[in-house]
Structure formats: C-alpha cells, structure tokens
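Here is the structure we will look at.
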Amino acid sequence: MFESILNISGGTFSALGEIVCMITAIVLGSIVALVHTVNNRYSNNFLMTIIIFPLLIQVVIAMINGNIGTALAVGGAFSLIRFRSMQGNSRELISIFFAMTIGLALGVGQVIFACIFTIVGAILLLILTKINLGNNDNIRRLTIVIPEDLDYDEVFKEEFKKYLTKNILLECKTINLGSLYELEYEVTLKNKIKTKDFLDAIRVKNGNLKVCLTNPIIGDNIL
C-alpha cells in the first residue's frame, strides 16, 4: 500500500531518499517530543533523546541495507540503552516506542506511513491525555504515626468513612524503639472535601503526632 522512497535492491540506496528520511525522522521525533510535554513530567535530556532517537534507528536500519530481520534486532538493542539508566514511567515508555517505530518505518523508506502513523498516534495521545483516561486526582498516600496502645484497625474507621471512598493499608511498622506505629495507606479522597478537616480529624485521634498526606509516588507508574 505504501511504497518506499529508497532503492534498496542490489545493495544500493538512494542518497536523496536517505536525506529525506533523515530530515523526516528529526521532524517527526520533534512532534513526539512536543506531544510528550503535554501534561507530563519531563527533562530536557529526555526530550533530546526522543528527538534524535528516530534518526538513530533510521540510520542503523538503512546501513543494514534492507535486511529487515537484522534491522529489527539492532533497533531493539538501541531501545534498551534507555533502560540502562533510571527506569522510565509508562508515559516515557510510550514516547520511546513511538519514536522507535517512526525510525523503523523511515529506515525502510516508508515516509508516508511514518507521517500518517505519527499524526494518528499524536492525536490519540492528546485525546487520552485530555480526557484523563484512568486518572484519579483524588488518590493520595497517607502516613500516620500513632501510639503503640491504639488499635489502628479500628481507631480511624469513622474518619475514613466520612472523608474517603477507599483506603488500603500498605505498610505498618514500629518506630521510636517500638513505642510508636507508622502506618502508610493509599487512600482516595471524596470529592470537594477539605483536606485540612480530614487531617485535623486524624490528629485528634493520634494525639497530634505526625500525619502526612502526599500525591502518589511517581515510581508507581514505572513499568
């Protein structure tokens, strides 16, 4: 359906076609990087990686000169470079494989297919980001310190029922030579509640010891 602009028969390829593919790789990589910046955490280094990644994959596959099986293997090896450092979250992984797929398509001269794929993928990602699919802004991490004589299974039931729709005890450990318990929960707040009222209610029960309410840990989204 889509024809390659490269002539890879006989062990040769079009120099002009290759230049077009390289320029297209940079442009499409830049589009992927821009899409990644929408409502997402990112660094300048990561954006530069996304921009240059399709070009690297495209050049490697072109140099392999039409051996698609070997090209895919080498392209996969390139994609592993990212994971030798800090793990990425799910959004970063999507952007990496998005850029990698563009490079694979351009490596065999499928410029039109790469452009269509980039447009469709970018629109889909923007739509999913806009509607916040699967996102729940009310999820929090709750840490509470209580005296050892309190029954943590029962003491906060009333407050949890009033202010939360869901609570899961993730960790319970002793601190301060066993005189205190530190409890860590994943909780989902009810809509339109005041977090100060919730924390004040907890403080009344735990004797004004430490109470900490934070956003979910970023690492929870790591794949």
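Structure above, values below:
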quantity	calculated
Selection from the range 80-107 of residues that are modelled with pLDDT under 60 and either surrounded by 17 or more Cβ atoms within 10 Å (Cβ to Cβ) or on the phi > 0 side of the Ramachandran plot (or both)	Arg82, Gly88
Exclusive hit being hydrophobic (A, V, I, L, M, F, W, C), in a loop (DSSP other than H, G, I, E, B) and surrounded by fewer than 16 Cβ atoms within 10 Å (Cβ to Cβ), set Ile123, Ile119, Ile193	Ile193
Lone qualifier among Thr165, Thr143, Thr174, Thr188 - being surrounded by fewer than 13 Cβ atoms within 10 Å (Cβ to Cβ) and not assigned by TED's automatic domain parsing to the domain that holds Ser90	Thr174
Flag if Leu213 is surrounded by 12 or more Cβ atoms within 10 Å (Cβ to Cβ), assigned to a strand (DSSP E or B) and in contact with a Cys (Cβ under 6 Å, 6 or more places away or on another chain)	no
Among residues of the range 174-209, those that are charged (D, E, K, R) and touching a residue at least 24 places away in the same chain (Cβ under 8 Å), counted	6
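The values are calculated or read from the model by the stated rules, or taken from the named source; none is laboratory data. All figures in this text were calculated on a predicted structure; none of them were measured in a lab. Every residue, glycine as well, gets a Cβ built from its backbone with ideal geometry; the counts of neighbours run over all protein chains shown.
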